[in-house]
1. Please determine, by comparing only the residues of the range 120-137 that are hydrophobic (A, V, I, L, M, F, W, C) and touching a residue at least 60 places away in the same chain (Cβ under 8 Å), which one is surrounded by the most Cβ atoms within 10 Å (Cβ to Cβ).
2. For the range 99-116, how many residues meet the condition of being in a strand (DSSP E or B) and under 17 Å from L12 (Cα atoms)?
3. Among what's in the range 89-119 and is hydrophobic (A, V, I, L, M, F, W, C) and open to solvent by 50 Å² or more (accessible area, probe 1.4 Å), pick the residue that is farthest from E36 (Cα to Cα).
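The values are calculated or read from the model by the stated rules, or taken from the named source; none is laboratory data. Being a predicted model, the structure only gives us computed values, none of them experimental. Here the Cβ positions follow ideal geometry from the backbone for every residue, glycine too, while neighbour counts run over all protein chains shown. Only protein heavy atoms, including side chains, enter the accessible area calculation; ligands, DNA and RNA are left aside. Shrake-Rupley method; radii C 1.70, N 1.55, O 1.52, S 1.80 Å.
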Amino acid sequence: MKPRLLVSACLLGTPCRYDGKSKKNEVVCALAERFELIPVCPEELGGLPTPRTPSERRGARVVRKDGHDVTAEYRRGAAEALAIAQREGVLAAVLKERSPSCGSGEIYDGTFTGVLAAGDGVTAELLKANGIAVFGESEQGLTELLCSVGHST
């Protein structure tokens, strides 16, 4: 049995991003050769539609570009993603970078101006708090990093 990875569904070609598109990533898709990929879209799991108004994280809150607070939906989606990760016994997560849900280490700063700031998306933060390693799709040597995580457990 292959080790399991939680993966942002948009990286696998599912059109679930806020703009109704995907961000299919061939490197991430190729991980299926060595890992069982478990796709999730925390925003959809939290009850948000696709497409949807763009959102960014402002501290502990997530707000849409029109000012509407969608923190509850993001938290609900994060909790669902965590439950799936725990139920499936995932090794780690590969999530969409810079997203208010999935971004790890760097996200948009909440001003809707394209400025990046240090921080994690709601889902990435919750997964990390529960001991699940989170990687972005563009990390160098992603397959090797994931394999090293598997050997350290």
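1. Step one: list which residues in the range 120-137 are hydrophobic (A, V, I, L, M, F, W, C), which gives 122, 124, 126-127, 129, 132-135.
Remaining after also requiring touching a residue at least 60 places away in the same chain (Cβ under 8 Å): 122, 127, 132.
Working: V122: 29, L127: 27, I132: 19.
Step by step, filter the range 120-137, then rank; the result is V122.
2. Initially, the range 99-116 is screened for residues in a strand (DSSP E or B), giving 106-108, 116.
Then drop every residue that is not under 17 Å from L12 (Cα atoms), which leaves none.
Residues flagged as in a strand (DSSP E or B) and under 17 Å from L12 (Cα atoms) within the range 99-116 amount to 0.
3. V115
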